[in-house]
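Shown next, in structure tokens, is the structure this report addresses.
The values are calculated or read from the model by the stated rules, or taken from the named source; none is laboratory data. Everything numeric in this text was worked out from a predicted model, so none of it was measured. Glycine gets a Cβ as well: all are built from the backbone with ideal geometry, and neighbour counts include every protein chain shown.
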Amino acid sequence: MTAQILDGKSTAAAIKSEVAARVEALRTLGITPGLGTLLVGEDVGSQKYVAGKHRDCAQVGIASIQRELPDTATQEEIEEVVRELNENPECTGYIVQLPLPKGIDVNRVLALMDPDKDADGLHPTSLGKLVLGDPGPLPCTPNGIIELLRRHGVALAGAHVVVVGRGITVGRSIPLLLTRKSENATVTQCHTGTRDLPALLRQADIVVAAAGVPHLVKPEDVKPGAAVLDVGVSRDENGRILGDVHPGVAEVAGWISPNPGGVGPMTRALLLQNVIEAAERGTAG
Ligand SMILES: Nc1nc2c(c(=O)[nH]1)N[C@@H](CN(C=O)c1ccc(C(=O)N[C@@H](CCC(=O)O)C(=O)O)cc1)CN2
């Protein structure tokens, strides 16, 4: 078997054209949505991701507000920029690019953001709304994964999804999205304390690999025909991406997301959608 591709690039392109139409509609109301980003430090991956987000903004007509600090920035300096973005009327939604340098209290930074401008769905209020089932911005990567599956016709209802990882941007929240009534999946969450990961992976109809461990998911651990989403990003000595999924899995799985070209572009597209929805909410009532 050779897996069918869960094509993040073309799916993200489709979402971006939908977003562009919504930006145009907001313009007729005199509103120009603007995405703010705060990047702290010189991590090459984070720089690439932030650059990609602003490239996307230019494509769909969203204004860009970019803030950068060196990796020596203090908690207070970071929080000062967050306060400025909260007040900046040109910035209708923003993100703090993660990870932040060691020693910075990430939760304190996220909690300081104006929840009405949270474009990442990572503010405690947004995560609380997700738990309660209230509308609000959803975390971009989990939402992107669900959208990628939906737009390729991979059924979630009744599926057993095994999530590997418990990080703040994906693993922690994706079970909350997958177990909503609208998705109706059953989730097993695995992490470094899981006793027999291969045994659990072999039961999965869908695998979400978000551990950041190169080639953790091996062909012999995957049920034939399963859908496998490769979210983890490690880099080799030449800076090339090594995903969490061994390349041989493509011979066993029914569906596979390439990495790059799978979940990454979807994360960016769903971020744009969050920015537009925040701006649209601002026009309601
Ligand atoms: N504030 C946030 N920080 C981080 C998030 C997040 O959702 N919010 N997620 C990840 C990184 N991420 C988003 O910022 C992200 C990852 C990957 C891509 C992407 O487009 N990847 C390309 C490849 C790019 C390359 O060559 O390296 C692809 O997969 O095709 C975009 C965004 C951690 N931080």
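Scan the stretch 38-48 residue by residue and report those that are in contact (Cβ under 8 Å) with a residue 12 or more places away in the chain and either in contact with a Leu (Cβ under 9 Å, 6 or more places away or on another chain) or outside the structural domain of residue 69 (by TED's automatic domain parsing) (or both). Hits for the stretch 38-48 are 38, 39, 40, 41, 46. Output the residues belonging to the stretch 127-160 that are outside any helix (DSSP H, G or I) and either within 21 Å of residue 200 (Cβ to Cβ) or within 16 Å of the ligand (Cβ to nearest atom) (or both). Selection gives 136, 137, 138, 139, 154, 155, 156, 157, 158, 159, 160.
The lone criterion from (1) under 30 Å from residue 18 (Cα atoms); (2) of a type in the set (S, T, N, Q); (3) part of a helix (DSSP H, G or I) left unmet by residue 107 is number (1).
Tally up the residues in the stretch 241-285 that are touching a residue at least 40 places away in the same chain (Cβ under 8 Å), of a type in the set (Val, Ile, Thr) and within 12 Å of the ligand (Cβ to nearest atom), please.
Qualifying residue count, the stretch 241-285: 2.
Contact annotation: residue pairs with Cβ atoms under 7 Å, 6 or more positions apart or on different chains, pairing a residue in the stretch 116-131 that is modelled with pLDDT of 95 or more with a partner that is among the aromatic types (Phe, Trp, Tyr), are 117/94; 119/94. Within the stretch 71-88, residues that are assigned by TED's automatic domain parsing to the domain that holds residue 114 and surrounded by 12 or more Cβ atoms within 10 Å (Cβ to Cβ) reach partners that are part of a helix (DSSP H, G or I) and not acidic (Asp, Glu) with beta carbons closer than 6 Å, at six or more positions or on different chains, in the pairs 78/109; 79/112; 82/112. Among the conditions (1) crowded, with 19+ Cβ neighbours inside 10 Å; (2) in a helix (DSSP H, G or I), residue 120 misses just one, which is (2). Do you know which residues across the stretch 34-92 are aliphatic (A, V, I, L, M), modelled with pLDDT of 95 or more and part of a helix (DSSP H, G or I)? Hits for the stretch 34-92 are 50, 51, 58, 60, 78, 81, 82, 85. Might you check whether a residue that is more than 21 Å from residue 275 (Cα to Cα) and outside the structural domain of residue 256 (by TED's automatic domain parsing) occurs anywhere in the stretch 108-123? Yes, the stretch 108-123 contains a residue that is more than 21 Å from residue 275 (Cα to Cα) and outside the structural domain of residue 256 (by TED's automatic domain parsing). Of the residues 19, 60, the single one that is closer than 27 Å to residue 124 by Cβ and either in contact with a Cys (Cβ under 9 Å, 6 or more places away or on another chain) or not assigned by TED's automatic domain parsing to the domain that holds residue 259 (or both) is 19. The residues in the stretch 18-38 that are loosely packed, with under 13 Cβ neighbours inside 10 Å and within 19 Å of the chain's Cα centre (by Cα) can be counted, and the count is 0. Screening residue 37 against (1) in contact with a helix residue (DSSP H, G or I) (Cβ under 7 Å, 6 or more places away or on another chain); (2) at negative phi; (3) more than 10 Å from the ligand (Cβ to nearest atom) leaves a single unmet condition, (3).
The set of residues in the stretch 219-240 that are more than 10 Å from the ligand (Cβ to nearest atom), free of Cβ contacts under 8 Å to residues at least 40 places away in the same chain and closer than 30 Å to residue 47 by Cα comprises 234, 236, 237, 238.
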